[in-house]
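> Just dropping this structure here.
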Amino acid sequence: MQPTFRPSPAEYPAHSASNLRAPALKSRTFQCMGTVISLALPAGATLDDGQVLEGATAAVERVFSGLDAMFSLYRSDSEASQLARGEVTLREASAPFRARFADATGWGLLTEGFFTPERPDGVLDLSGIIKGYAIDQAAAALQATGVEDWCLNAGGDVLVSGSPAPGTGSPWLAGLVDPLDRGALLSGFPLGGTGRFAALATSGTAERGDHIWRAGAGRTEFRRSEFRQASVAGLDIVTADVLATAIVAGGRPMLNWATDSWDIEVLAVLGSGELLATPGFRA
Amino acid sequence: MRIRAAVSAALASAGILLAGWQSGAHVAGTGSTAAAAAAATSSGTGGGSTTGSSGPGSSGSGGSSDSSGSAGSAGAAAQAGTYAGSAVQTRFGTVQVQITVKAGAITDVTALQLTDDDRKSVQISNRAAPLLRAAVIKAQSAQVQTISGATVTSAAYLTSLQGALDAANL
């Protein structure tokens, strides 16, 4: 799906062609998994960059729609829905399905249950891990097509490769939405280029309401989280995505456990709007 | 966690030294050598390790079997300055802790050895701490190439910053 909404150049002056500070990008979007996925490539890298972008987008879309067809609970014909209805058991599920279930269960153990593949009503819901996995698989598909510099954004979770200005080593700069004013940026974080981190994921209660449930200590229930939003920069997107979810669900104890145990940077926004940040987010 | 464990082990060892000194004050000759031995092993391996905790056993048994003491020599052992802990591997590199004891009390705990293969070396803790909004990395929407936020629904995308960004790059 292409957005019908186009900002005027006056509204976003830095993106007009006349501004040399912002690297020129070409992007394509499509809709999947209830959100919009954007792929951006540096513009003008090759003569046929339009075609390269179309091909790369198609490769990414194949990955996403394939996984959505298997794991979406919004599709009655998906394997996930069949399982939720009790028509098949986990034992009878396909190997890819069981592999993702194993991933999610493993993350549940690593996060002391704050990341959980089970909804409060007991239905197995792997959507918490599937988007990150889809981004990860899309990265492999992009690599296979030979594209080296790209930025993939799936509903606010970002994975990049290379640089927006090929050959310069300069990073992609990701903006972090302010949960108190989603039209404004709270912070920024450099990804890719010569930096350490390639992935950035944000979880929160701002966009979809309280869609993260708190679990742990034998209970699974909806509860208002201590954190309004948590952004995690990591080496890979699945880790960043899972930990961002777990931190919003688990509050400060999970935040400290995550920063002690994984190579990540975190910026968390408390319900009051105050910030907790690891040194990497310090200006 | 390991650093905290090392520090608490260092503190425990120092406490053990003090206990040895106090028991040494009550007991006799061999008791004082036991206390001195405890101090000697601690000065070799110091805070972090098990040798420190072997100290109390020996000084304790010395205390129970003997009846006269030399507070002077035991006291000298306890105030003998600095004790280095064993090197501990952490996610941030090798960390070694040193404690300074003066007049039977720990007056200082310092990190002796902090090496790492990347630039995070001097940073022992990666804990998230309170930070003013003005102190985080700033970014203007005109400068960024992508936007991270809590999952955007398809409907919300059209009015989102990412939507604007994509529209500008079509």
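> Out of the range B:143-170, which residues are at pLDDT 90 or above and within 39 Å of the chain's Cα centre (by Cα)?
Matches in the range B:143-170: B:Ile147, B:Ser148, B:Gly149.
> So for the range B:131-142 (the condition being part of a loop (DSSP other than H, G, I, E, B), modelled with pLDDT under 70 and more than 7 Å from chain A (Cβ to nearest Cβ)), does at least one residue qualify?
no
> Next up: Take A:Ala165 and decide whether it is within 11 Å of another protein chain (Cβ to nearest Cβ) and either modelled with pLDDT under 90 or within 19 Å of A:Thr245 (Cα to Cα) (or both).
no
> Within the range A:58-75, can one find any residue that is aliphatic (A, V, I, L, M), under 29 Å from B:Gln145 (Cβ atoms), touching a strand residue (DSSP E or B) at 6+ places or on another chain (Cβ under 6 Å) and not in a helix (DSSP H, G or I)?
no
> Quick one: which of A:Ala258, A:Ala283, A:Ala244, A:Ala249 is of a type outside the set (S, T, N, Q), closer than 20 Å to A:Ile135 by Cα and either more than 10 Å from chain B (Cβ to nearest Cβ) or out of contact with any Pro (no Cβ under 8 Å at 6 or more places or on another chain) (or both)?
A:Ala244
> A further question on this structure: Does A:Ala230 satisfy the condition of being modelled with pLDDT of 90 or more, crowded, with 22+ Cβ neighbours inside 10 Å and either outside any loop (DSSP other than H, G, I, E, B) or of a type in the set (Lys, Arg) (or both)?
yes
> Whether any residue in the range A:226-239 is more than 8 Å from chain B (Cβ to nearest Cβ), more than 19 Å from the chain's Cα centre (by Cα) and in contact (Cβ under 8 Å) with a residue 12 or more places away in the chain is what I want to check.
Yes, the range A:226-239 contains a residue that is more than 8 Å from chain B (Cβ to nearest Cβ), more than 19 Å from the chain's Cα centre (by Cα) and in contact (Cβ under 8 Å) with a residue 12 or more places away in the chain.
> Moving on. Quick one: how many residues across the range A:264-278 are part of a loop (DSSP other than H, G, I, E, B) and crowded, with 16+ Cβ neighbours inside 10 Å?
Looking only at that region, the number is 2.
> Regarding A:Pro117, is this residue at pLDDT 95 or above and of a type outside the set (Ser, Thr, Tyr)?
no
> Hey, another quick one. What pairs come out if I take residues in the range A:155-168 that are of a type in the set (A, V, I, L, M, F, W, C) and pair them with residues that are not in a strand (DSSP E or B) whose C-beta lies under 7 Å away, six or more apart or interchain?
Pairs that qualify, where the first residue is of a type in the set (A, V, I, L, M, F, W, C) and the partner is not in a strand (DSSP E or B), are A:Leu159/A:Ile135; A:Leu159/A:Ala139; A:Leu159/A:Ala198; A:Leu159/A:Ile237; A:Val160/A:Gly192; A:Val160/A:Ala198; A:Ala165/A:Pro23.
> Filter the range B:86-105 down to the residues that are surrounded by 14 or more Cβ atoms within 10 Å (Cβ to Cβ) and at pLDDT 80 or above, then identify the one that is nearest to A:Ile264 (Cα to Cα).
B:Ile99
The values are calculated or read from the model by the stated rules, or taken from the named source; none is laboratory data. The structure displayed is predicted, hence computed values, not measured ones. Quick reminder, even Gly has a Cβ in these numbers, built from the backbone with ideal geometry, and neighbours come from all protein chains shown.
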